[in-house]
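To start, the structure itself, in structure tokens.
The values are calculated or read from the model by the stated rules, or taken from the named source; none is laboratory data. These numbers were taken from a predicted model, which means no experiment stands behind them. Please note: Cβ atoms are built from the backbone with ideal geometry, for glycine as well, and neighbour counts cover all protein chains shown. Accessible surface areas use protein heavy atoms only, side chains included; no ligands, DNA or RNA. Shrake-Rupley method; radii C 1.70, N 1.55, O 1.52, S 1.80 Å.
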Amino acid sequence: MPRKRPHPILWIWYAFGGRLPQRYRTWVLHDITCRTWVLRHILRGLVQMSPVFLVLLLPGELWIRLLACLLGVLVGYFYVLAYMLETTEQRLVKCGYPRGTGRDTRASARAEDDERCRALYNARYRSGE
């Protein structure tokens, strides 16, 4: 089935945690499991935190408003990164995939690289056993 990308308004809805229609199901799987899935997740986090920049419109000292934005973004990214695996799995569950699909798909995609690294590690550090 070909991947159909959501239009920008739907993507913003998706970035804020909304459920996409079923026709975007394969795109969501690709979004959560492609090589750049971490960068995509960080971008979605930035979109989610964009309202914090409304603080800049408030009256007051500029340096206080800038530091408030910085603190908001730092705290936001702490949670974006801390719960990255859970939130991406939840996005797949919303599309009807079983829990663990993202983890298993990413693991199978990098299985060959993991095996090569394991072999190099064993050759270097386990050769004397």
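Tabulated results
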quantity	calculated
Helices (runs of 4 or more DSSP H) lying entirely in the stretch 77-129 (those with 2 or more residues that are surrounded by 12 or more Cβ atoms within 10 Å (Cβ to Cβ) and touching a helix residue (DSSP H, G or I) at 6+ places or on another chain (Cβ under 7 Å))	84-94, 101-109
Within the stretch 11-22, tally of residues that are out of contact with any Pro (no Cβ under 8 Å at 6 or more places or on another chain), open to solvent by less than 80 Å² (accessible area, probe 1.4 Å) and either under 20 Å from residue 38 (Cα atoms) or at pLDDT 95 or above (or both)	5
Options 87, 26, 33: the member that is in contact with a Ser or Thr (Cβ under 9 Å, 6 or more places away or on another chain) and among the β-branched types (Val, Ile, Thr)	33
Pairs where the first residue, in the stretch 77-99, is under 22 Å from residue 49 (Cα atoms) and among the polar types (S, T, N, Q) and the second is surrounded by 13 or more Cβ atoms within 10 Å (Cβ to Cβ) and at pLDDT below 95, C-beta under 6 Å, 6+ apart	88/32; 88/102
Test result for residue 55, among the aliphatic types (A, V, I, L, M), surrounded by 13 or more Cβ atoms within 10 Å (Cβ to Cβ), farther than 21 Å from residue 7 by Cα and touching a Cys at 6+ places or on another chain (Cβ under 9 Å)	yes
Criterion (loosely packed, with under 12 Cβ neighbours inside 10 Å, over 25 Å from residue 104 (Cβ atoms) and not acidic (Asp, Glu)) met by exactly one of 46, 74	74
